[in-house]
Amino acid sequence: MRKLILALASATFLAGAANAATVYPIDRATILIGSPFDFKVEFDAVVKPEDVKVTVNGKDYAEIFGKAAEFVAEEKGAEDKVLGSALILRDLAIGTAGAYKVEVSAGGETQSVNWDVYETVAQPKAKNIIFLIADGLSVAHRTGARIMSKGMTEGKANGRLAMDDIPPVAFIGTSSTHSIATDSANTMSAYMTGHKSRVNALGVYADRTPASLDDPKVETIAEALRRNTKKSIGIVTTSEVEDATPAALVAHTRKRADKADIVGMMLDVKPDVLLGGGSAYFLSKDVPGSKRKDDKDYIAEFRNADYAIATDKAELDAAAGSNQERLLGLFHTGNLDVTLDREFLKKGTVDKFPNQPGLVDMTKTALDKLSKNPEGFFLMVEAASVDKMSHPLDWDRALVETIEFDKAVGIAREFAEKNPDTLIIVTGDHTHGVAIIGTVDDEKPGEEMREKVGTYDSAGFPNYEDKDGDGYPDRIDVSRRLFLAANNGPDHYETFRPKLDGPFVPAVQNEAKEYVANEAYKDVPGAVFVPGNIPKEDDTGVHAVDDVVLQAAGPGSEGFRGYMEQSDVYRVLADAFALGVPKD
Ligand SMILES: [Zn+2]
């Protein structure tokens, strides 16, 4: 025991000592051959250039990498604080697969990292990939959507979701380079580049300097497709198109909030189809509703790049038939309204944006357009608001959103039936701390609302109905409804009822800038106060660290199995499209 304590103490001492340089890409990085990336070494001290030694597999790095790096004598942090020296080599690519050991030293600092540079199969397995992601998709969302949409009798589901018949093939770990927890930026970026990074980062390793656009880059799938193939690229989302998940296909920034810059990165890559919200970042600063700080008019820039442009459902239908090469649809200045408000309750901002298409319309249009390319396509479809409604603990909206997502999965499956050379992937990017624990039954005896919560045998079955057969419950405020509960969140009032007036706002900020329970729900009959269990600076429920389930069908799907890091998913995509074939 004593020995162990001593060993731990010395390990702690070594880890704490300022003698380890940082190398990007990080240890155990997996790198697609031929794919450009930036190499960076950060020394903790200011070192002399002649003292810096970098070897790759025992040889001088410049010999292996084909060029020399730039030496930065002093990197500066906030308030011009000197952080140490650095070495940066941009736009490097390795053309030979294998194990690469990178060893770095200068002054008293040393570091060594191992990279796995991999090639793919020579012949593509799939012509098309449809990557469907419901942001925040947890098991409770799947179960809840199935029960709400299809019903249940004597313990057996009365129908199946479209996603229920796609085999679950892997558990995905979603942690980031600096934390067990993640956000959509880190995970989607890992899916779309093969490299994990830090929370908020897209297409880069997060370096130590404050600037968000200078961090060491890695290649995104859209860039890899442009470099290697003539395939079309489609991005469909119910969020702003600059939001983290869609941005991950093209963006390189340490800060997902760099949305004005991300629009420019979208234009650089020119997805053939780009549909969602977020027009505020396309408009120059003097246009009402703009969120830009400059005069750039990206609507004009996209139009000049031969994009047909649509701003509502009718225009989307018209633009889909146009013979312009590309399609841009921006149906909201911000995120699209959620399905429950958009299609049924007409709440949220539906009066301002009355004719927004939904995920199903957008997915259909994208598939029509992209499938015209004989070379095939990569389409990413995101149901963003499963997450955006899980944060405020608005479970009814999150479940209806999941039903809409499932309908988009159904569209993808129909396409794949006619086009069997299509790989379909269905997954989330992280989970939420939510579970279905029973029902709320207004008829159950009891004075207080919590007495009307049915658990175990008394939960029975909810009584949602779908008389018009559209797959959505005709109403969500039925007398016996699903009861979902979060295991995390801010102080709030649990009302045990759907929020018919618009999305739930569980907590609001007080004068001390802390989030406290929103008193607007205090007088809902039977509402109970639920104390929060997360820091008071957090306004909503937070992401869970639990694995996400990945489902896949079609050619290449055999590459997914067991437990995988989210960065491993990219390798399966690269293999399906044969993106890493050695060029000799
Ligand atoms: Zn989220």
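The values are calculated or read from the model by the stated rules, or taken from the named source; none is laboratory data. Please read these numbers as outputs of a predicted model, since none were measured by experiment. Cβ coordinates were reconstructed from backbone atoms using ideal geometry, including for glycine residues, and neighbour counts include every protein chain displayed. Please note that ligands, DNA and RNA were not included when accessible areas were found on the heavy atoms of the full protein model with its side chains. Shrake-Rupley method; radii C 1.70, N 1.55, O 1.52, S 1.80 Å.
Quick notes
- Residues being within 16 Å of the ligand (Cβ to nearest atom), within 26 Å of Ala126 (Cα to Cα) and either among the charged types (D, E, K, R) or part of a helix (DSSP H, G or I) (or both) are represented in the stretch 190-213 by at least one member.
- Test: residue in the stretch 426-434 that is more than 16 Å from the ligand (Cβ to nearest atom), open to solvent by less than 50 Å² (accessible area, probe 1.4 Å) and either assigned to a helix (DSSP H, G or I) or at positive phi (or both): no
- The condition (being assigned to a loop (DSSP other than H, G, I, E, B) and buried (at least 16 other Cβ atoms within 10 Å of the Cβ)) is satisfied by just one residue among Ile94, Ile88: Ile94.
- Checking each residue in the stretch 393-418 for being over 11 Å from Gly358 (Cβ atoms), of a type in the set (Lys, Arg) and open to solvent by 10 Å² or more (accessible area, probe 1.4 Å) picks out Arg413, Lys418.
- Residue identified as within 16 Å of the ligand (Cβ to nearest atom), open to solvent by less than 30 Å² (accessible area, probe 1.4 Å) and of a type in the set (A, V, I, L, M) among Ala544, Ala574, Ala552: Ala544
- Selection from the stretch 372-389 of residues that are under 14 Å from the mean Cα position of the chain (by Cα) and more than 17 Å from Val273 (Cα to Cα): Ala384, Ser385, Val386, Asp387, Lys388
- Each residue in the stretch 321-333 was checked for being closer than 27 Å to Arg475 by Cα and open to solvent by 10 Å² or more (accessible area, probe 1.4 Å), and 1 of them qualify.
- Residues of the stretch 59-85 that are loosely packed, with under 12 Cβ neighbours inside 10 Å and either polar (S, T, N, Q) or in contact (Cβ under 8 Å) with a residue 40 or more places away in the chain (or both): Ala78 alone.
- Where a residue in the stretch 548-566 is on the phi > 0 side of the Ramachandran plot and its partner, wherever it lies, is open to solvent by less than 50 Å² (accessible area, probe 1.4 Å) and outside any strand (DSSP E or B), with Cβ under 7 Å and at least six apart: Gly554/Ala126; Gly554/Ala416; Gly556/Ala126; Gly556/Val572; Gly556/Asp575; Gly556/Ala576
- Given (1) surrounded by fewer than 18 Cβ atoms within 10 Å (Cβ to Cβ); (2) within 16 Å of the ligand (Cβ to nearest atom); (3) charged (D, E, K, R), index of the condition Asp135 fails: (1)
- Among the residues of the stretch 459-480, not a single one is away from the ligand (no atom under 16 Å from the Cβ), in a strand (DSSP E or B) and open to solvent by less than 50 Å² (accessible area, probe 1.4 Å).
- Pick from the stretch 177-189, criterion of a type in the set (Ser, Thr, Tyr) and either more than 16 Å from the ligand (Cβ to nearest atom) or closer than 19 Å to Asp116 by Cα (or both), ranking: surrounded by the fewest Cβ atoms within 10 Å (Cβ to Cβ): Thr177
- Unique match (being outside any loop (DSSP other than H, G, I, E, B) and either touching a strand residue (DSSP E or B) at 6+ places or on another chain (Cβ under 7 Å) or among the acidic types (Asp, Glu) (or both)) among Asp317, Asp351: Asp317
- Any hit, the stretch 209-228, residues being closer than 26 Å to Gly289 by Cα and either free of Cβ contacts under 8 Å to residues at least 40 places away in the same chain or surrounded by 24 or more Cβ atoms within 10 Å (Cβ to Cβ) (or both): no
- Candidates Glu514, Glu519, Glu448 - the one that is at pLDDT below 95, farther than 19 Å from Ala398 by Cβ and away from the ligand (no atom under 16 Å from the Cβ): Glu448
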